[in-house]
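For reference, the structure discussed in these notes is given below.
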Amino acid sequence: MQGMIGHHQQAVEMVALIPTHSTRADMQLLGKRIDLSQQDEMKMMRRWLEVRGKEIPGEHAMHMHGATLMPGMLTAEEMERLAAAKGSEFDRLFLEGMMKHHGGAITMVNELFATPGAGQEVEIFSFASDVDADQRMEIDRMGAMLNAILKRASAMRSSAARCLYLLVLILCLAIGGAAQQVPRSAPSTRASG
């Protein structure tokens with residue numbers, strides 16, 4: 001549970017970048033949805049740990065030197081690259097990173113259910129089952145968003161290539177037409193001496 005709080009906290013940090021790094025309305029909505037679900041789940045996990053007298057990790061425990069990344073978490077370098085990106089590059093990196101992140105949550109749920117005796121408590125079984133279903137649904141949604149972004153980027157590259165081709169063609173025609181209009185001087189008849 002302690003590691004899952006850090007995992008969720010990273011997702012909250014990722015979505016906090018959306019308002020200043022993306023202009024897409026669907027990204028803004030996705031970020032709000034993820035933030036709400038992650039915050040609610042962290043409250044439940046903290047409450048679960050507190051009731052059992054277990055240590056509750058601090059908000060930034062995952063940033064501590066030597067902290068172990070849970071499955072699917074982005075490395076410090078990946079987080080820096082995400083924070084430095086803007087526009088469609090940010091959208092692409094965010095979606096790829098969050099899909100990886102959600103995949104890690106599914107891995108943890110599978111590991112929990114594969115451990116003999118684990119996940120037997122009703123609250124944990126329900127929580128893990130909900131996480132699994134929610135993460136799969138969001139991965140599908142983000143995959144569709146990512147495909148739309150990649151298609152648009154491909155179309156823009158094709159359009160840019162066509163524009164570049166037309167520009168070169170126009171320049172060639174202009175240079176060719178200008179070359180035909182330049183008067184040619186007669187060859188020099190002066191003797192070299």
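Yes/no matrix, rows are residues, columns are (1) buried (at least 16 other Cβ atoms within 10 Å of the Cβ); (2) in a helix (DSSP H, G or I):
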{"site": "Gly6", "(1), (2)": "yes, yes"}
{"site": "Glu13", "(1), (2)": "yes, yes"}
{"site": "Thr23", "(1), (2)": "no, no"}
{"site": "Leu36", "(1), (2)": "no, yes"}
{"site": "Asp40", "(1), (2)": "no, yes"}
{"site": "Lys43", "(1), (2)": "no, yes"}
{"site": "Glu50", "(1), (2)": "no, yes"}
{"site": "Gly53", "(1), (2)": "no, no"}
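Of everything in the range 55-81 that's exposed (fewer than 12 other Cβ atoms within 10 Å of the Cβ) and more than 19 Å from Met99 (Cα to Cα), which residue is modelled with the highest pLDDT?
So the residue we want is Glu55.
What pairs come out if I take residues in the range 108-133 that are farther than 18 Å from Met42 by Cβ and without any contact (Cβ under 8 Å) to a residue 40 or more places away in the chain and pair them with residues that are open to solvent by 50 Å² or more (accessible area, probe 1.4 Å) and not hydrophobic (A, V, I, L, M, F, W, C) whose C-beta lies under 9 Å away, six or more apart or interchain?
Ala118/Glu111
Test Arg136 against the criterion of being part of a helix (DSSP H, G or I), in contact (Cβ under 8 Å) with a residue 40 or more places away in the chain and open to solvent by 80 Å² or more (accessible area, probe 1.4 Å), and give yes or no. Full working, then the answer.
Working: part of a helix (DSSP H, G or I): yes; in contact (Cβ under 8 Å) with a residue 40 or more places away in the chain: no; open to solvent by 80 Å² or more (accessible area, probe 1.4 Å): yes.
No.
Would you please name the residue that is farthest from Arg33 (Cα to Cα), looking only at residues in the range 139-182 that are of a type in the set (Gly, Ala, Ser) and modelled with pLDDT of 90 or more? Can you show your working first?
Narrowing the range 139-182 to residues of a type in the set (Gly, Ala, Ser): 143-144, 148, 153-155, 158-161, 174, 176-179.
Next cut, modelled with pLDDT of 90 or more only: 143-144, 148.
Details: Gly143: 16, Ala144: 16, Ala148: 20 Å.
Of everything passing the filter in the range 139-182, Ala148 is farthest from Arg33 (Cα to Cα).
Those residues that are open to solvent by 60 Å² or more (accessible area, probe 1.4 Å) and either more than 30 Å from Gly3 (Cβ to Cβ) or not in a helix (DSSP H, G or I) (or both), I need them from the range 139-154; list them, please.
If the condition is that a residue be open to solvent by 60 Å² or more (accessible area, probe 1.4 Å) and either more than 30 Å from Gly3 (Cβ to Cβ) or not in a helix (DSSP H, G or I) (or both), then Asn147, Leu150, Lys151, Arg152 are the ones that fit.
The values are calculated or read from the model by the stated rules, or taken from the named source; none is laboratory data. Model, not experiment: these values are computed from the prediction. No Cβ is skipped: glycine too gets one built from the backbone with ideal geometry, and neighbour counts run over all protein chains shown. Side chains included, ligands, DNA and RNA excluded: accessible areas come from the protein's heavy atoms. Shrake-Rupley method; radii C 1.70, N 1.55, O 1.52, S 1.80 Å.
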